[in-house]
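Computed from the coordinates by the stated procedures, all read-outs in this text should not be read as laboratory data. Bear in mind the structure is a predicted one, so any value in this text is a computation, not a measurement. When we count neighbours, we look across all protein chains shown, and the Cβ atoms used for this are built from the backbone with ideal geometry, even at glycine.
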Amino acid sequence: MTDLHLDHDLIRRYNQPGPRYTSYPTAPHFTEAYGPDDFAEDLTAGSTNTPLSLYLHLPFCRSLCYYCGCHVVITRDPDRIERYLEALKREIDQTAARLDPNRPVAQVHWGGGTPTYLSPEQIRDLGTHLRERFTFAAEAEISLEADPRTLTEERVAAAAEVGFNRMSIGVQDVNRKVQDAINRVQPTEQIEDAVRWARDHAFESVNFDLVYGLPHQTPERFTNTLDAACRLAPDRIALYSYAHVPEIKKHQRVIDEEALPSPDEKVRLFGRALERLTGPAGYRFIGMDHFARPDDELARAQDQGDLHRNFQGYSTRANAEVVAFGVSGISQLDGAYAQNVKALPAYYDRVDENRLPTYRGYRLTADDRLRRHVIMQLMCHFHLDKAPVEERFGIDFDTTFETALEWLRPMEADGLVTLTAEAVHVCPPGRLLIRNVAMAFDAYWTAENEQPVHAQTV
Ligand code: SF4
C-alpha cells in the first residue's frame with residue numbers, strides 16, 4: 001500500500017486527541033442512570049440468533065510497566081487471583097442464566113492485565129467453565145493476550161487444550177534502553193519462544209502489539225523493533241501510540257518526560273513503521289493502528305465488507321453482541337453498552353450478592369444507531385454509499401448529515417475525502433486520519449468542538 005504516504009504537514013494539522021470509536025457513543029457518555037436492572041433486561045431481550053462475543057478481563061500482572069494504560073492489579077499473591085477467578089465464574093453463571101443457551105459463541109477474548117499470568121490449571125479450569133456455560137460455534141475465534149515474560153509452554157498448551165486459536169503477544173519495543181525506561185525488560189528470545197510455542201500448539205493467528213512514542217525511542221531504534229517483529233512474521237500487528245497522561249495514570253510520572261519523543265518525532269516513528277510494515281514486509285494497513293497480512297482474516301473481511309469494530313479493535317465477527325465479564329469490562333449489545341465496576345471490593349460485593357456488577361451504561365437512541373453505523377462503516381471500509389444507509393434508516397442522507405458534510409469540506413479541499421452525490425470516500429491520506437473523518441458524524445463531538453482543521457496539533 002505505497003499510496004499510504006505520510007504527509008507530515010497534514011498529520012501535524014489534523015492530529016488531535018479524539019475518540020478511537022471502539023464504540024459510539026464513546027465511554028465518557030455512559031451514565032450511572034443505566035444500571036444492573038437495565039443490563040439484565042437488555043441481555044434477556046437479545047435476539048436468540050445473534051452470535052455472542054465474550055470478553056473476560058483478567059487484571060493481574062506480576063509487575064507494573066510504567067507506560068501501562070490498562071486497568072491492572074499488580075500482585076504476586078496466588079490467593080488474590082484464585083479469589084477473583086471464583087467471582088468471575090459466578091458472574092459468568094449469573095449472566096449465562098439470562099441468555100438463550102443456544103446462542104452461538106463466535107468469539108472469545110481474554111484481555112487484561114495478563115491473562116497468561118494464570119497458571120496452566122487456572123487457564124484450563126476457566127476455559128472449561130466457559131465452554132460448559134455457552135455453546136461455542138465450530139469456527140469460533142478464541143484469543144488471549146500473552147506477556148512473553150511470564151509465558152511458558154505449559155500455559156500455551158493449556159490454552160490450546162481449551163480451544164484458544166489466536167494469541168496476541170505484547171512486544172512493545174525490543175531495545176534494552178527503552179525497556180529499562182518502561183520497566184519491561186524482555187529479551188527477544190522470550191518473544192521468539194512465545195511465537196514458536198503458539199505455532200507448535202496450532203494457534204492459527206499470532207498478533208504483536210507494538211508501541212511508539214515511548215521514552216528513548218528513535219527512528220533507528222524503532223527500526224530494530226520493526227525488523228525484529230517482521231522477522232518473526234506475525235499475522236497481525238497492532239501499533240499503538242503511547243498516551244502520556246500522568247495526571248490520570250499516576251505511575252506514568254516515573255517516566256522521564258525529557259526522554260519522550262516530541263510530537264514531530266512521534267510522527268516520524270509512525271512514518272517509519274508505515275514504511276517498514278506496508279513496504280517489503282507486505283502488511284496491509286487495516287485502519288486505526290492495525291496491520292495484517294493480506295491473506296489474514298481481517299484483510300479478507302475488509303475486502304468482503306464484513307469488518308467490524310468493537311472495544312477489542314477490529315473484528316471479523318460483524319454482528320456479534322459483546323458480553324464482558326470481570327472488573328471494568330464493557331458489554332456492547334445491539335442497543336446498549338454496559339460497564340462493570342472497576343474496583344475489586346465492589347466487584348466481589350455485587351457478585352457475592354448475586355447482582356450483576358454493572359455500574360454504568362448507555363441505551364442507544366435511533367440517532368445513535370444511525371451514526372454508529374455510519375462511523376463504523378467509515379472506520380472499517382473507508383467508504384460509505386449513501387443509498388443503503390437511506391434505505392436502512394429511512395432518512396435522506398444529505399439532509400440528516402448536512403452539518404457533517406459541511407464539516408468534511410475542508411478535508412475534501414485537503415484531499416482527505418471525496419464527497420459525491422452517492423458516497424463519502426476516504427482517500428489514502430485520509431485513512432491515516434480516519435478518526436477525524438469519523439468525528440464529523442459524531443453528534444456529541446461536533447456539538448462540543450471546533451472543526452478539525454482549526455484544532456490544535458498534539
Ligand atoms: S503487562 Fe500489560 S497490562 Fe500488565 S502492567 Fe504491563 S502493560 Fe500493563
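Observations on the structure shown:
- Point-to-point label distance, Lys249-Glu412, nm (Cα→Cβ direction, 7 Å offset): 3.9 nm
- Over all other residues within a Cβ to Cβ distance under 10 Å of Gly430, the charged ones net out to -1, with Lys and Arg as +1 and Asp and Glu as -1.
- Using 0.36 nm per residue and subtracting the Cα-Cα separation, the extra length available between Asp93 and Asp334 on full extension is 84.6 nm.
- Hits among aspartates and glutamates - C-alpha to C-alpha of Lys89 under 17 Å, sequence gap 8 or more where chains match: Asp79, Glu121, Asp125, Glu132, Asp349, Asp352, Glu353
- For the pair Thr128 and Ala447, label points projected 7 Å from Cα toward Cβ lie 5.1 nm apart.
- Net charge of Cβ neighbours under 11 Å - reference Arg155; Lys, Arg +1; Asp, Glu -1: -4
- Nitroxide proxy distance, nm - points 7 Å out along Cα→Cβ at Glu192 and Thr135: 4.7 nm
- Mean separation of Cα contacts under 8 Å (6+ apart) over length of the range 160-266, as relative contact order %: 32 percent
- Contour minus Cα-Cα distance for Arg199 and Asp37 (0.36 nm per residue): 54.0 nm
- Distant-in-sequence amide H partners of Ser315 (H built 1.01 Å from N, under 5 Å): His308, Arg309, Asn310
- Of the trypsin sites (Lys or Arg not before Pro) found in the range 41-149, those in coil by DSSP whose Cβ has at most 16 other Cβ atoms within 10 Å are Arg62, Arg76, Arg98.
- Summary value for the chain: 21 percent relative contact order, contacts being C-alpha pairs under 8 angstrom separated by 6+ residues.
- Note that the chain, at 37 °C in a medium of 0.692 mPa s, gets a Stokes-Einstein diffusion coefficient of 143 µm²/s from its Kirkwood radius over C-alpha pairs.
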